[in-house]
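See below for the structure under consideration.
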Amino acid sequence: MEGTLIHPSAKIGTGVKIGFGTRIGASAVIGDNCVIGDHCTIAQEAGGEWKGRALNLGEGSVIRSHTVLYEGSDLGADSQTGHHVLIREGTKCGPNLRIGSYSDIEGDCTIGDCARFHGYAHIGRGSRLGNFVHLYSLTILLNDPLPPSEAMDPVTLEDGAVVAVGTTVMPGAIMRVGSFAASRTVVAGEIPAGAVVEGPQGCIATHVTFLANFAHGIRHPWTRNFAGRYPEWAQARLKALEESIIASRADFLKNSRPN
Amino acid sequence: MQRTDILALFKEILSRQGKPTDFAEDAELTAVGFRSLDFSELALRVEMAAGVTLTFDAAPLRAIRTVKDVLDFLVAASTSGQQ
């Protein structure tokens, strides 16, 4: 704990390691066996309704250097951040979250279990993300329908949605269960369950069950190829998600047409 | 579904992206600019046109390299698919 600044009111579990130059605020509640890197700020003071509310960091979490976590947020057990991650106040995250370096979550967000965000993802204030959501690098989730304004029209990404690299999700967009936004897409409106949306016009191209990679012989839903990267307790839910995505194919074929 | 019909859909998808469609069937997919995303759209269109559920196995997928491979694969899949 050398070189750290820990507020006497902070609650710190057993086996916690804290790096050099890290500051732990009064509202911090840190679970057992967490590892916090150098130069982090845990329970940064927030304003408004979140002032003085606890920052709960679940047990076994790993917070890498230069990360800033505001008070009034919850990170579930076994969460991990990369370096230079920012999580603003009022954000509620389920367990087993992974956030890549330089990503930011702008507060008042709800994020389900086992979410995966690669580096440089921007998650606008108020975003609602389900379980097993994937955001790749340089994805942007917007919330202001007419900037600059105080209007809030946050996005919703349901369970298993995938947003590929460089994609922008416009204010108010809804990506239904298992839908997939290809790289450099602009997503707007409602994307049906299991649909693949692509391009700057956000066209519905196909259903994820048709997505395949020839060289590797793999295909969607991604749970077929990637479930092994999740904890044992999540496996049954991943299987249920996979079945739900496959089942959405029939509705897609009936109601949606590629455009 | 007929091979010629699938080839027409193949070319339509490329044409919409402004890509040339005067290729030989032995052309590599990378050379004609046919992406995996395009394959998924083509497969969807074949399924809708053929009225069957296509089933994909990993091994034949891995063998796909050329336009001909895609056509062979989808002809077979649309013939053996479930009604």
What is the set of long-range amide H partners of A:Ala181 at a cut-off below 5 Å, with H atoms built 1.01 Å from backbone N? A:Val162, A:Val163, A:Ala164, A:Val197
Given unit charges at Cβ for Lys, Arg (+) and Asp, Glu (-), the dipole magnitude of chain B about its Cα centre in debye, nearest 20, is 140 debye
Quick one: putting +1 on the C-beta of Lys and Arg, -1 on the C-beta of Asp and Glu, what dipole do you get for the stretch A:180-259 around its Cα centre, in Debye to the nearest 20? 140 debye
Mind telling me which of A:Ala43, A:Ala236, A:Ala188 comes out most flexible in a GNM of chain A, alpha-carbon contacts under 10 Å? A:Ala236
For A:Asp78, distant residues with modelled amide H under 5 Å away: A:Glu59, A:Gly60, A:Ser61, A:Asn96
Give the cross-link partners of A:Lys239 among the aspartates and glutamates, using a straight C-alpha distance below 17 Å as the criterion and excluding same-chain residues fewer than 8 apart. A:Asp113, A:Glu158, A:Asp159
Would you work out which of A:Pro221, A:Ser149, A:Phe252 lies farthest towards the positive end of the dipole of the stretch A:109-259? Charges go on Cβ: Lys and Arg +1, Asp and Glu -1. A:Pro221
Under a point spin-label approximation (7 Å from Cα along Cα-to-Cβ), what is the A:Thr4-A:Thr110 distance to one decimal in nm? 3.3 nm
Between A:Val208, A:Val177, A:Val16, find the one with the highest GNM mean-square fluctuation for chain A; connect C-alpha pairs within less than 10 Å. A:Val16
Helix B:67-80 against the longest principal axis of chain B: what's the angle in degrees, Cα atoms only, rounded to the nearest 10? 20 degrees
Hey, if you drop one equal point scatterer on each alpha-carbon of the stretch A:109-259 and run the Debye formula without solvent, what base-10 log of I(q)/I(0) do you get at q = 0.08, 0.12 Å⁻¹? -0.20, -0.46
When chain B is treated as a Gaussian network with springs between alpha carbons less than 10 Å apart, the largest mean-square fluctuation among B:Leu54, B:Leu14, B:Leu37 is found at B:Leu37
State the answer as a single residue: which of A:Gly60, A:Phe132, B:Phe10 lies farthest towards the positive end of the charge dipole of the protein assembly as shown, with beta carbon charges of +1 for Lys and Arg and -1 for Asp and Glu, about the Cα centre. B:Phe10
Can you give the calculated 222 nm mean residue ellipticity of chain B, where each DSSP H run of n ≥ 4 adds -39,500 (n - 2.57) and the sum is split over every residue, rounded to the nearest 500 deg cm²/dmol? -18500 deg cm²/dmol
Any chance you could check the Cα centroid distance between the stretch A:227-244 and the stretch A:1-45 for me, in angstrom? 33 Å
Which is farthest toward the positive dipole end of the protein assembly as shown among B:Val52, B:Thr66, A:Gln201, measuring Cα position about the Cα centre, with Cβ charges +1 (Lys, Arg) and -1 (Asp, Glu)? B:Thr66
Whose amide H sits under 5 Å from the amide H of A:Ile111, counting only residues 5 or more places off or on another chain, with H placed in the peptide plane? A:Lys92, A:Cys93, A:Gly94, A:Leu129
Straight distance only, please: which lysines reach the Cα of A:Lys51 with their own Cα at less than 21 Å, same-chain residues fewer than 8 apart left out? A:Lys11, A:Lys92
Give the cross-link partners of B:Lys68 among the lysines, using a straight C-alpha distance below 26 Å as the criterion and excluding same-chain residues fewer than 8 apart. B:Lys11, B:Lys19
Rounded to two decimals, what ratio of Rg to Rh does chain B give with C-alpha atoms and a Kirkwood Rh? 0.94
What are the GluC sites (Glu not before Pro) within the stretch A:111-205 that DSSP puts in a loop, where the Cβ has at most 11 other Cβ atoms within 10 Å? A:Glu150
Cα gyration tensor shape for the stretch A:1-107, rounded if a/c is under 1.5, else prolate or oblate: rounded
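Could you check how many percent of all C-alpha pairs in the protein assembly as shown are farther apart than 39 Å?
Across the protein assembly as shown, Cα pairs with separations above 39 Å total 24 percent.
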Mind checking the dipole of the protein assembly as shown: about its Cα centre, +1 per Lys or Arg Cβ, -1 per Asp or Glu Cβ, Debye to the nearest 20? 300 debye
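Any read-out appearing in this document is the output of simple, stated calculations on the displayed coordinates, not a laboratory observation. Just so it is clear, the structure is predicted and the values come from calculations on it, not from any experiment. Ideal geometry is used to build each Cβ from the backbone, glycine not excepted, and the neighbour counts take in all protein chains shown.
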